[in-house]
Amino acid sequence: MTAPRVSVCVVTYNQRGFIGQCLRSILGQGVDAELQVLVGDDASDDGTSEIVAALAEQHPGRVLHLRRQPRMGAMANMRDLIGRADGDYVARVDGDDYWLPDKLRRQLACLQSNPRCVAVYSNAIVVDEADHHICLFNDVGDARFDLPALLRRGNFLNNSSVLFRAAGRQAWLGVDVPQIDYRAHLWHARHGWLWHIGEPLTAYRVNTRGSMVAEMNNRVRELYWEAIQSVPRDLVSDHDYARGLADFLRRVFFRAMRTRNTSLWREWRPRVLAAAPCGAPRMYLLTAANILRMAAKEALGRFRRDASGKPLRVLYRR
């Protein structure tokens, strides 16, 4: 049998300090597959382009350097890369993140042995600009998820860890408006089940320049809401949909508390209630239960320790 072809889509812009590590971590994966690395270099002007060009020269036929001019923006850049990807399987990575050894082999084995599995994710270590380990990305462990499960608890999946079948390209190509990764995850879950590997096989870098989450929180929230609205209502029950809305409102509540911005709650509460398939009392009850559940998990999490005895911190709890 011929080895499968895996297309890896990497978006980057002015990430001179990280892009080399990112690409080398992909090229160094020990996997029986034909690897194609598509790098969308969004008009970088800090030396990123030269690093990518050098690696493309060292790996002809494996690394394709697409230097954009003028800038496309992260979403258009990724959508174009996925449109060019012609592999049997497709992965995507942000240029400031990187993969850990054996990541691709383990995910590929899962997809090849489970025909109904459409995408595989993994946990990640969270690192800062200096590559210091901060915490784990999530507390999920090894788990299988369907659409209702992913909707009920919201997004906890690391986007730079995903490997999906070629048909999943439509999660990006079939959408002609800006979107965030959660919308793509929900699309995948509409067409099969998702697997999450609890062991960290990816490194996720936080608070770097250009981070959409760090710099455009309000825009991300709006796109997150649109992701929820993109789920066809006939594919989930009213109960699951209401729980998804309650989880969103819980996130708004905690953000409003952390930033002391009560207008955020006043803005979103009526929008969520208007979309709810049940009355306001039940939505308030579901939201309160979500808030209490997450507060309890955060409190209990302070007592957990890793193998070395240090506090086990988690970025996103489920």
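The values are calculated or read from the model by the stated rules, or taken from the named source; none is laboratory data. Note that this is a predicted model, so its numbers are computed, not measured. Please note: Cβ atoms are built from the backbone with ideal geometry, for glycine as well, and neighbour counts cover all protein chains shown.
Mind checking whether some residue in the stretch 303-313 is modelled with pLDDT under 95 and either within 22 Å of the chain's Cα centre (by Cα) or surrounded by 14 or more Cβ atoms within 10 Å (Cβ to Cβ) (or both)? Yes, there is a match, as at least one residue in the stretch 303-313 is modelled with pLDDT under 95 and either within 22 Å of the chain's Cα centre (by Cα) or surrounded by 14 or more Cβ atoms within 10 Å (Cβ to Cβ) (or both).
Answer yes or no: is there a residue in the stretch 240-263 that is modelled with pLDDT of 95 or more, aliphatic (A, V, I, L, M) and not in a helix (DSSP H, G or I). No - not one qualifying residue is present in the stretch 240-263. Considering only residues in the stretch 109-139 that are of a type in the set (Gly, Ala, Ser) and in contact with a Phe, Trp or Tyr (Cβ under 6 Å, 6 or more places away or on another chain), the one that is nearest to residue 150 (Cα to Cα) turns out to be 119.
Apart from one condition, residue 206 fits all of (1) over 24 Å from residue 10 (Cβ atoms); (2) touching a residue at least 12 places away in the same chain (Cβ under 8 Å); (3) surrounded by fewer than 22 Cβ atoms within 10 Å (Cβ to Cβ); the exception is (1). The C-beta contact set for the stretch 104-117 (first residue within 16 Å of residue 6 (Cβ to Cβ), second residue in a helix (DSSP H, G or I), distance under 7 angstrom, 6+ apart or interchain) comprises 117/110; 117/111. When residue 74 is tested against (1) modelled with pLDDT of 95 or more; (2) under 26 Å from the mean Cα position of the chain (by Cα); (3) within 14 Å of residue 14 (Cα to Cα), only condition (1) is not met.
Among the residues of the stretch 42-69, just one is out of contact with any Asp or Glu (no Cβ under 8 Å at 6 or more places or on another chain) and under 23 Å from residue 175 (Cβ atoms), namely 42.
Taking only pairs six or more apart or across chains, which ones have beta-carbon atoms under 7 Å, a first residue in the stretch 264-280 that is on the phi < 0 side of the Ramachandran plot, and a second residue that is crowded, with 16+ Cβ neighbours inside 10 Å and of a type in the set (D, E, K, R)? If the second residue must be crowded, with 16+ Cβ neighbours inside 10 Å and of a type in the set (D, E, K, R), the pairs left are 264/255.
Can you name every residue in the stretch 260-318 that is out of contact with any strand residue (DSSP E or B) (no Cβ under 7 Å at 6 or more places or on another chain), more than 17 Å from residue 242 (Cβ to Cβ) and aromatic (Phe, Trp, Tyr)? Selection gives 265, 303. Regarding residue 223, is this residue modelled with pLDDT of 95 or more and part of a loop (DSSP other than H, G, I, E, B)? Spelling it out, it is not the case that residue 223 is modelled with pLDDT of 95 or more and part of a loop (DSSP other than H, G, I, E, B).
Take the residues in the stretch 1-28 that are buried (at least 23 other Cβ atoms within 10 Å of the Cβ) and of a type outside the set (A, V, I, L, M, F, W, C); name whichever of them is nearest to the chain's Cα centre (by Cα). Selected residue: 12. Of all the criteria given as (1) outside the structural domain of residue 245 (by TED's automatic domain parsing); (2) in a helix (DSSP H, G or I), the one not satisfied by residue 318 is (2). Counting only residues that are modelled with pLDDT under 95 and aliphatic (A, V, I, L, M), the stretch 150-178 holds 2 of them. Regarding residue 39, is this residue part of a strand (DSSP E or B) and among the β-branched types (Val, Ile, Thr)? Spelling it out, residue 39 is indeed part of a strand (DSSP E or B) and among the β-branched types (Val, Ile, Thr). Checked against the criterion of being in a loop (DSSP other than H, G, I, E, B), without any contact (Cβ under 8 Å) to a residue 60 or more places away in the chain and within 18 Å of residue 27 (Cα to Cα), the stretch 42-56 contains not a single residue that satisfies it.
Selection of the stretch 291-306 for residues being among the charged types (D, E, K, R) and either within 21 Å of residue 154 (Cα to Cα) or part of a helix (DSSP H, G or I) (or both) yields 293, 297, 298.
For the stretch 257-298, a residue qualifies if it is exposed (fewer than 12 other Cβ atoms within 10 Å of the Cβ) and among the small types (Gly, Ala, Ser), and the qualifying residues are 263, 274, 279, 296.
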